């Protein structure tokens with residue numbers, strides 16, 4: 001991914017660093033690690049099942065763009081310590097934290113059609129991108145949002161021998 005197109009990958013902490021912000025940062029880092037292990041060991045569907053089971057149902061009418069973006073920045077900051085691309089992990093953790101605040105969110109997974117079909121994921125709250133640049137959908141125009149929605153993924157019939 002081009003770092004110039006993902007300005008929020010290196011978010012700034014609040015002007016006053018508080019104990020609450022540091023605890024949130026540590027919590028987001030732990031969640032990222034857990035989601036990372038879960039994806040590698042059990043896969044996307046199993047991680048979605050756990051995240052759905054351990055979070056309340058969001059209120060579809062509730063809107064708080066500033067809070068949603070603050071969670072996106074917090075998770076992105078915590079994810080800076082990962083050595084590989086972790087946009088899906090950051091998006092899953094951001095989505096889960098927004099659910100805990102009863103804020104509706106949508107995970108987008110999309111590709112940029114070029115020689116290597118580069119993929120990327122991000123989270124939106126009422127159509128507002130919360131953990132990436134606002135124009136990310138223009139950079140990655142081929143979206144599979146409906147197919148990767150955690151609530152839908154866990155209800156699909158299992159395939160394969162696993």
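Derivation of every value follows stated rules applied to the coordinates shown; laboratory data play no part. What you see is a predicted model, and the numbers here were worked out from it, not measured in a lab. Backbone-built Cβ (ideal geometry, glycine too); neighbour counts: all protein chains shown.
Within the range 39-62, residues that are touching a residue at least 60 places away in the same chain (Cβ under 8 Å) have Cβ atoms under 7 Å from residues that are not in a helix (DSSP H, G or I) in these pairs: 45/154; 48/154; 49/154; 52/154, counting only partners at least 6 apart in sequence or on another chain. Any residue at all in the range 72-79 that's over 12 Å from residue 92 (Cβ atoms) and in contact with a strand residue (DSSP E or B) (Cβ under 9 Å, 6 or more places away or on another chain)? Yes, that holds for at least one residue. Here is a check on your reading of the model: is residue 27 under 12 Å from the mean Cα position of the chain (by Cα), assigned to a helix (DSSP H, G or I) and more than 21 Å from residue 154 (Cα to Cα)? Judged against the criteria, residue 27 is not a match.
At negative phi, in a loop (DSSP other than H, G, I, E, B) and either touching a residue at least 24 places away in the same chain (Cβ under 8 Å) or surrounded by 18 or more Cβ atoms within 10 Å (Cβ to Cβ) (or both), is that true of residue 91? Taking the combined requirement at face value, the residue does not satisfy it. Among the residues of the range 141-152, the ones that are farther than 22 Å from residue 52 by Cβ and in a loop (DSSP other than H, G, I, E, B) come to 1 in all.
When restricted to residues that are out of contact with any helix residue (DSSP H, G or I) (no Cβ under 7 Å at 6 or more places or on another chain), buried (at least 20 other Cβ atoms within 10 Å of the Cβ) and part of a strand (DSSP E or B), the range 111-140 contains 1.
Here's the yes/no breakdown for (1) within 13 Å of the chain's Cα centre (by Cα); (2) closer than 20 Å to residue 33 by Cα:
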{"residue": "88", "(1), (2)": "yes, yes"}
{"residue": "92", "(1), (2)": "yes, yes"}
{"residue": "103", "(1), (2)": "no, no"}
{"residue": "114", "(1), (2)": "no, no"}
{"residue": "121", "(1), (2)": "yes, yes"}
{"residue": "130", "(1), (2)": "yes, no"}
{"residue": "138", "(1), (2)": "no, no"}
{"residue": "152", "(1), (2)": "no, no"}
{"residue": "156", "(1), (2)": "no, no"}
